[in-house]
Amino acid sequence: AETDSAHSSSSGLTLSNGHTAAEIDWDNLGFGLDHLAPTMYQATFTPEQGWSGQLQPYAPLQMDPSAQVLNYGQSIFEGMKAQRTAGGNIVLFRPDENAARMMAGAERLSMPPPPPELFLEAVISTVRANQHYVPPLGRGSLYIRPLLLGTGPILGLGPAPSYTLVVYCAAVGAYFKGGQLTPIDLIVEQRFHRAAPGGMGGTKAAGNYSPVLVVQLAAKRSGYADVLYLDAKTDTYLEEVSSCNIFTVKGNKITTPPLQGTILPGVTRKSVIQLARQLGYEVEEAPVSITEAMAADEIFTTGTAVVVSAVGSLTYKGEKKQFGERGEPTKVALQIYETLTALQQQRTKDTFGWLVPV
Ligand code: COI
């Protein structure tokens, strides 16, 4: 048996659902904190002393009510996964991409960019410390959440005088309720937009995720899994879903909206573009109008948490377009999902060199 003893963090969250890692029911993982891992990494930054960090038990962060992040929102995050491979090893998927995106996000929000070596060391040491929480092959993953926060106090509007980098993780399964292979129903949002040109839609900022909740909660009450946003300027072209990027399929052609600052530059999005080309599809990063989307053969979404999810239906202005057989993942989505996860779990050769051993 694993030796991690279950304990409660002082936040009241029960780590590992009150069980030892050995007792986790790997076949019933959802996407949540039920199986939160007991060790996190925390580093602080001050201009005088630079970065300094270490592993420690998962626990609440101490900060002033006047912390910049609580008042003005200097907060960016990443989403990553560690997986068990067919050979029994633990790997990360393109962690250098997350390190680079966090650096870019830090610049956008006037925070000190954590050096990539520090970021990778933080992530790898956190995964190693919690390796018993990496599910067995194909039964889920260890979801890793790095956060960069302006935790120093300030009253007038300005950047924080000091910063905190945190990495915590939890064993997770499928993001959407119905399970990984169940297609999702999406509704196109008609009132709100996710991001405007010149804003921070391309940054993985916490502030991009709270404004979508009002719409997402209403959509969920009506039975939709998530919401698809159109561009703020013309209300015509697809942007992204609250939690993931989007692709359309028509014949042999796969199209995804281009990165012009309003869409999150997803690591899975980027990888799927490359994998789909390798599979022989013509892949274009180009504007996709809602009319084109409603006439597509298939639609699927991508993200670290979501992986690849087939869209079962898209509802726009009261019209519902069904894709494929009800309840069955569509063909191209399934092929891309299989190709990506086979690579990530080293069931096939990682010809791109995307996997990093932990
Ligand atoms: C991820 O896919 O890792 C994200 O950060 C999206 C989040 C809404 C779960």
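The values are calculated or read from the model by the stated rules, or taken from the named source; none is laboratory data. From a predicted model like this one, the values you see are computed outputs, not experimental measurements. Cβ sites come from the backbone with ideal geometry, for glycine too, and all protein chains shown count toward neighbours.
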Practice task
Kindly indicate whether GLN335 is assigned to a helix (DSSP H, G or I), under 22 Å from ASP185 (Cβ atoms) and more than 16 Å from the ligand (Cβ to nearest atom).
Solution key: yes
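Of a type in the set (A, V, I, L, M, F, W, C), modelled with pLDDT of 95 or more, surrounded by fewer than 22 Cβ atoms within 10 Å (Cβ to Cβ) and not in a helix (DSSP H, G or I), is that true of PHE352? Please lay out each step first, then the result.
Values: of a type in the set (A, V, I, L, M, F, W, C): yes; modelled with pLDDT of 95 or more: yes; surrounded by fewer than 22 Cβ atoms within 10 Å (Cβ to Cβ): yes; not in a helix (DSSP H, G or I): yes.
Yes, satisfied.
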Practice task
Tally the residues that are acidic (Asp, Glu) and closer than 22 Å to VAL91 by Cα, restricting the search to the range 328-358.
Solution key: 2
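With respect to VAL311, is the statement that it is part of a strand (DSSP E or B) and either surrounded by fewer than 22 Cβ atoms within 10 Å (Cβ to Cβ) or touching a strand residue (DSSP E or B) at 6+ places or on another chain (Cβ under 7 Å) (or both) true?
Numbers: part of a strand (DSSP E or B): yes; either surrounded by fewer than 22 Cβ atoms within 10 Å (Cβ to Cβ) or touching a strand residue (DSSP E or B) at 6+ places or on another chain (Cβ under 7 Å) (or both): yes.
Yes, satisfied.
Residues that are touching a helix residue (DSSP H, G or I) at 6+ places or on another chain (Cβ under 7 Å), more than 16 Å from the ligand (Cβ to nearest atom) and among the aromatic types (Phe, Trp, Tyr): find the strands (runs of 3 or more DSSP E) completely inside the range 72-121 holding 2 or more of those. Walk me through how you get there before you give the answer.
On the way: elements: 75-77, 80-84, 90-93.
It comes to none.
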Completion exercise
Residues of the range 201-215 being closer than 18 Å to VAL227 by Cβ, more than 10 Å from the ligand (Cβ to nearest atom) and of a type outside the set (A, V, I, L, M), in sequence order, are GLY201, GLY207, SER210, PRO211
Handout entry: Cross-chain or 6+ apart pairs with Cβ under 6 Å, the range 341-358 first and free of Cβ contacts under 8 Å to residues at least 40 places away in the same chain, then surrounded by 13 or more Cβ atoms within 10 Å (Cβ to Cβ) and not β-branched (Val, Ile, Thr)
Key = THR348/ALA342; ASP350/LEU343
Exercise for the section: Output the number of the condition that TYR163 fails; it satisfies all remaining conditions of (1) within 24 Å of PHE93 (Cβ to Cβ); (2) buried (at least 24 other Cβ atoms within 10 Å of the Cβ); (3) of a type in the set (Ser, Thr, Tyr). Expected result: (1)
Problem - So THR302, is it more than 16 Å from the ligand (Cβ to nearest atom) and under 20 Å from GLU189 (Cα atoms) - result: no
Handout entry: the range 279-301, residues that are surrounded by fewer than 20 Cβ atoms within 10 Å (Cβ to Cβ), part of a strand (DSSP E or B) and among the hydroxyl-bearing types (Ser, Thr, Tyr)
Key = SER289
Completion exercise
HIS19: passes all of (1) modelled with pLDDT of 95 or more; (2) surrounded by 15 or more Cβ atoms within 10 Å (Cβ to Cβ) but (1)
